[in-house]
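Structure first, then comments.
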Amino acid sequence: MSLDIRDARNSDEIDAALDLRRAVFCGEQGVPEDEEIDGRDDEAQHLVAVHGDRVVATCRLLHEGAVTKLG
């Protein structure tokens, strides 16, 4: 399987990353959606792993001064 791991290129990829987070964290792990979708996505850097044209993994980076938080 070939994966392209990179910054999300557009709003469609960010939306796909958010959908994946909802499915995994809210659906499978029971995290309340208001905790997972915390309103900070607009300020975050979104990394995605893409197979073909499908986002299959994601990581959100929140930069806070000299510290970056992975999520």
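In the range 1-54, what percent of the accessible surface is made up of carbon and sulfur (1.4 Å probe, ligands and nucleic acids excluded)?
Carbon plus sulfur share of accessible area: 45 percent.
Skip the ligands, DNA and RNA, and give the accessible area per residue of the chain with a 1.4 Å probe, whole Å².
68
Can you compute the label reach from Q45? Point 7 Å from Cα along the Cβ direction, backbone N cut-off under 16 Å, restricted to the range 6-32.
6-10, by backbone N distance to the label point.
Rg/Rh for the chain to two decimals, with Rh computed the Kirkwood way over all alpha-carbon pairs.
For the chain, the value is 0.97.
Below 8 Å between Cα atoms, with a sequence gap of 6+, how large is the relative contact order for the chain in percent?
RCO, the chain: 33 percent.
The values are calculated or read from the model by the stated rules, or taken from the named source; none is laboratory data. If you're wondering where the values come from, they're calculated on a predicted model, not measured in any experiment. So basically every Cβ, Gly included, is an ideal-geometry build from the backbone, and we count neighbours across all protein chains shown. All accessible areas refer to the heavy atoms of the entire protein, side chains included, with ligands and DNA or RNA removed. Shrake-Rupley method; radii C 1.70, N 1.55, O 1.52, S 1.80 Å.
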